[in-house]
Amino acid sequence: MRETETGAWQALKTLGRGINFVRLLIINLLFFGVLALILFFVLAHHKAVVSEPSRFVLEIGPNGRLVEQEHNPVGRAMARLEHIQSGRETTLSAVLRGIRLAARDPQVQAIVLDTDRFTGGGMPEIDSVRRALQHFEKTGKPVIAIGRSYDTAQYLLASVATQIDLSPEGGVIPSGFGLYEPYMANLLKRLGIDVYVVRVGKYKDAVEPFLRNHMTAPSREQWTAYLDGLWKHYQDEVALSRHLTPEAVDDYVDQAVAALRKNGGDLARYALAAHLVTAIRTRPEIHTALRRLVGPPGANRSGFRHLGLAAYLALHPEAPDLAVHPEIALIHADGDIVSGVAPTGEIGSRSLVSLIRSARRDPEVKALVLRVNSPGGSAAASDEILHAIVAFEKTGRPVVVSMGDMAASGGYWISMAADRIYAEPTTLTGSIGIFGIFPDVAPLLKKIGVTIHGVGTTPLAGQFNPMRPLSRTARTLFRIEVLHGYQDFIDQVAHFRHLTPQRVNAIGRGHIWIGRTALRLGLVNDLGGLSAAVRGAAQLGHVIHYRVVTFKKPLPLYVRFLLSLSHLNPGAASASSLIAPPHLPGWMGLFSELPGLSAAGRALHSQLGFLKSRHGVYAYCLGCRAALLH
């Protein structure tokens, strides 16, 4: 009997080993099969290395938005390998490096700036490109802008060019700036969603779309002031570049209807008559002119000798800095502020604190520059980041903040402790204030036949659950927390910016300010971009020769491989882009999929996307993103 059992056991073991062998064989075949497909795909689609012509034109055609950091580098790399012109993002660093290289390169005879696929960006980013192009023109080489039409952002970028060409069927349409948000009080009422809100400050308007059906007077006041300041900057820049009066753009828009009626509706001729463009030319005519400048791309070939920006940068890789110098650490903080780890496009408190801690522990780092582009978010997460910055400063090394498009509300919270704060003239900052918001979907659940019942050991058990209304006690505690948070915000700004709490409250109350005004109010120390902030950090850190080192989570090897094959800059990407973006709380799904309510769900999704704090307390500027230059 025992021998029979032993024999059966041996047979089972042999069968198990056989199954395991087959399993491993299948897994390995699948793995190597996929690897072979990837290699075949890369070898089949990867272009041959382009050689640099002797005399050529550098073509810069920003695709999508102009950004400081890429949000989906892997997707862009795969699209590039498939020769798909997609991506919808262009990194500022790549554009600036290409222009700087071209200015020193005797083979580059001109830059062609193609704005057709450019969809906008922040004013500071566009201003940076404009300044770089102006420096290029000082070498005596022209910048030629070409476009079928120019909208507000496209024309601001193109207006710096030596020559602006416009297609005969196109036009220049600087529609200006505006802020139009959906107000959803009626929608929420119809859906059966109650929103309990506590806010401090009459200008803290982030919650108004959930409570009202129109913009309030204080909100209109502050946004009008900001947008007017932004528009004045736009007018001044265009006027300076095109040798016009600052009022010329307003006149162009105001007189458009009468002028177009008079000339038969020809937008191109109207733009030319207003001196907004240099010439009206078709693409073949432009190519003929450029061919005369640099020659054809080859014998008996049409077109002209040129290289695109990606190919040009691939031919001129950045040389590693082998010299031993003290380091200035650069860390980007871009997006809404949330707790924990977050993908690119959001500022996860744990992610950012980890990077600051790494810089703090590096003995070669003599100063830290924090580049902030954020409308704020979770108050608790903002405070966590603030403490990490203070911990860095306690080592005796300076922290300098460089504000980009915006550093408002929580974005200002994480900035205020810096030894020096630089803002761009058009930076949207301030919005010192917080609010608490808590949705109650119990009426909606009741509509669809769902009721919530249960038991708890205290009056607070089961509270702060969107499926149950807040009790009077919970509402009182919630209000106390928000009021305490605002006072804490005020006190910390007063401490770090050397102001009185009364003064901070007077310029706070949720009010947004443009960079120039923020300087006058004492919220920032100086006006300037990232380069100015780096120089300021070096000065405070008492270093003369230094190198700037960007601290970020390293990319996996296979991602860097894909980026290098597709001529994308691995340095512009972030490993957190590989993390799936977080979703809204699960209760949103209760109505977003209901028949007839999907449109309402999408509207709420776009507005409630920042609601990711466990505490429900936010330092956030809802309109800041919408106010960017598009």
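Solvent-accessible area per residue for the stretch 414-461 at a 1.4 Å probe radius, Å²?
40 Å²
Starting with the highest mean, order 333-343, 265-275, 543-553 by the number of other Cβ atoms within 10 Å, averaged over the residues of each peptide.
Result, highest mean first: 333-343, 265-275, 543-553.
Quickly rank 523-535, 135-147 as a protection proxy: mean count of other C-beta atoms within 10 Å, highest first.
Highest to lowest by the protection proxy: 523-535, 135-147.
Which whole-Hz ³J(HN,Hα) couplings does the stretch 107-118 yield from phi under the Karplus relation 6.51 cos²θ - 1.76 cosθ + 1.60, θ = phi - 60°, glycine and proline marked x?
6, 7, 8, 6, 10, 9, 9, 9, 9, 4, 9, 7
Looking at the calculated P(r) for the stretch 230-372, what percent of the C-alpha pair distances fall above 27 Å?
Value for the stretch 230-372: 63 percent of Cα pairs lie more than 27 Å apart.
What are the extents of the Cα atoms of the stretch 103-159 along their three principal axes, listed from largest to smallest and rounded to whole Å?
Sorted from largest, the Cα extents of the stretch 103-159 read 32, 25, 14 Å.
Using a 1.4 Å probe over the heavy atoms of the protein chains, calculate the carbon and sulfur portion of the accessible area of the stretch 96-201 as a whole percent.
Solvent-exposed carbon and sulfur of the stretch 96-201 make up 48 percent of the total.
What is the distance in Å between the Cα centroid of the stretch 99-171 and that of the stretch 246-314?
Using only Cα atoms, the two centres lie 11 Å from each other.
Under a plain spin-label model, where a point goes 7 Å from the Cα along Cα-to-Cβ, how far apart in nm are residue 465 and residue 262?
About 7.1 nm, to one decimal.
Two decimals is fine: what is log10 I(q)/I(0) at q = 0.20, 0.21, 0.22 Å⁻¹ for the stretch 463-543, from a Debye sum with one equal scatterer on every Cα and no solvent?
Calculated log10 I(q)/I(0) at the listed q: -0.95, -0.99, -1.03.
Which residues' amide hydrogens lie under 5 Å from the amide hydrogen of residue 408, considering only partners 5 or more residues apart or on another chain, with H built in the peptide plane?
The answer is 374, 376.
Suppose we take every Cα in the stretch 307-388 and form the convex hull; what volume per residue is that in Å³?
Per-residue hull volume (Cα only) is 120 Å³.
For the pairs 202/447; 366/553; 366/394; 204/447, note any where the Cα-Cα span goes beyond 23 Å.
Pairs exceeding 23 Å: 202/447; 204/447.
Between residue 540 and residue 354, what length comes free when the chain is fully extended (0.36 nm per residue of separation minus the Cα-Cα distance, one decimal in nm)?
Stretched out fully, the residue 540 to residue 354 stretch lengthens by 64.6 nm.
List the residues, sorted by chain then number, that are 5 or more residues from residue 115 or on another chain and whose placed amide H is less than 5 Å from its amide H.
146
Please compute the per residue accessible area over the stretch 151-275 with all protein chains in place, 1.4 Å probe, rounded to a whole number of Å².
47 Å²
Write down the Å³ per residue value for the convex hull defined by the alpha carbon atoms of the stretch 341-468.
Enclosed volume per residue, from the Cα hull, is 165 Å³.
Which semi-axis lengths, in whole Å and largest first, follow from the square roots of five times the eigenvalues of the Cα gyration tensor of the stretch 128-181?
Result for the stretch 128-181: semi-axes of 24, 16, 5 Å.
Per residue and in cubic angstrom, what volume does the convex hull of the Cα atoms of the stretch 348-418 have?
69 Å³
Students often get this wrong: which residues of the stretch 103-120 have the backbone nitrogen under 12 Å from the point 7 angstrom along Cα-to-C-beta of residue 316?
Residues 103-111 fall inside that zone.
³J(HN,Hα) across the stretch 493-503 via Karplus (A = 6.51, B = -1.76, C = 1.60, θ = phi - 60°), whole Hz, x for Gly/Pro?
Coupling constants for the stretch 493-503: 4, 4, 5, 6, 9, 6, 10, 7, x, 5, 5 Hz.
Quickly rank 469-475, 89-95 as a protection proxy: mean count of other C-beta atoms within 10 Å, highest first.
The peptides rank, most packed first, as 89-95, 469-475.
Considering the stretch 147-306, what Rg and Dmax in Å follow from its alpha-carbon atoms?
22.9, 72
Using the Karplus curve 6.51 cos²θ - 1.76 cosθ + 1.60 with θ = phi - 60°, work out ³J(HN,Hα) for each residue of the stretch 345-359 in order, rounded to whole Hz, and write x for Gly and Pro.
x, 9, 9, x, 4, 5, 4, 5, 4, 4, 5, 5, 5, 4, 5
5 Å is the cut-off here: which amide hydrogens, built 1.01 Å from N in the peptide plane, fall below it relative to residue 199, excluding neighbours closer than 5 in sequence?
Excluding prolines and chain starts, which carry no amide H, the hits are 436.
Label-point separation (nm) for residue 180 and residue 196, each offset 7 Å from Cα along Cα-to-Cβ?
3.6 nm
Just need the relative contact order of the stretch 240-306 here, percent rounded to a whole number, with Cα pairs under 8 Å and 6+ apart.
17 percent
Name the shape class, rounded, prolate or oblate, that the alpha-carbon gyration tensor gives for the stretch 241-324, where a ≥ b ≥ c are the square roots of its eigenvalues, rounded holds for a/c under 1.5, and otherwise prolate holds if a/b is larger than b/c and oblate otherwise.
Verdict is oblate for the stretch 241-324.
What percent does the relative contact order of the stretch 434-534 come to when contacts are Cα pairs within less than 8 Å and at least six residues apart?
20 percent
Tell me, what is the FRET efficiency for residue 475 and residue 283 to the nearest 0.05, using R0 = 60 angstrom and their Cβ-Cβ distance as r?
Working from the Cβ atoms, E equals 0.40.
The values are calculated or read from the model by the stated rules, or taken from the named source; none is laboratory data. If you're wondering where the values come from, they're calculated on a predicted model, not measured in any experiment. Every residue, glycine among them, receives a Cβ derived from its backbone with ideal geometry; neighbour counts consider all protein chains shown. Ligands, DNA and RNA are excluded from the accessible area calculation, which covers all protein heavy atoms including side chains. Shrake-Rupley method; radii C 1.70, N 1.55, O 1.52, S 1.80 Å.
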